[in-house]
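Right, I'll just put the structure down here and ask away after.
The values are calculated or read from the model by the stated rules, or taken from the named source; none is laboratory data. Please read these numbers as outputs of a predicted model, since none were measured by experiment. In case anyone asks, the SASA skips ligands and DNA or RNA and just uses the protein heavy atoms, side chains included. Shrake-Rupley method; radii C 1.70, N 1.55, O 1.52, S 1.80 Å.
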Amino acid sequence: NALVNLAPRQISFTKGAFITAVIGIITQPWRLLSSTEGYIFTWLIGYSALLGPIAGIIIADYFIVRKRTLDIDALYSTTGSYWYANGYNSKAFIAMIIGVIPSLPGFLNVALPNFAVP
């Protein structure tokens, strides 16, 4: 997605994915041959440990806080109801940290097997 944002007229989403795959294979080909364990058990667990709380925050905001009502114009306005202190919602960051904390010991146990997790 980041490559597509660099030049959206020249790079489609599919072309950006292929460019990323080729760069990954060229820069570290031994990782493909060694094992998929690092990808499956480390990266995906870390990714889901962050994505779960983010999804929970978005769903709670939509259903509980906003009561399933969105102001489409305010989504794109710097003065609308969705604009927070410099564009960042500090309450959402605190909620994300609270949501990540329970899964952090399990992720550290997988990512750093020699690290003692209480």
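For segment 89-112 and segment 54-72, what is the centre-to-centre distance using only Cα atoms, to the nearest Å?
What the calculation gives is 20 Å, centre to centre.
Is segment 66-110 best put as rounded, prolate or oblate by its Cα gyration tensor, with a ≥ b ≥ c the root eigenvalues, rounded for a/c under 1.5, and otherwise prolate when a/b is larger than b/c, oblate when not?
On the way: a/c = 3.80, a/b = 2.55, b/c = 1.49.
It comes out prolate by the Cα gyration axes.
Students sometimes get this wrong: rank TYR76, TYR47, TYR62 by accessible area, probe 1.4 Å, all chains present, largest first. Please report the intermediate quantities before stating the final value.
Working: TYR76 190, TYR47 110, TYR62 80 Å².
Descending accessible area places them as TYR76, TYR47, TYR62.
So what is the diffusion coefficient of the chain in µm² per second by Stokes-Einstein at 37 °C and 0.692 mPa s, using a Kirkwood Rh over Cα pairs? If you can, show how the numbers build up before the last one.
Values: Rh = 18.0 Å.
This corresponds to a translational diffusion coefficient of 183 µm²/s.
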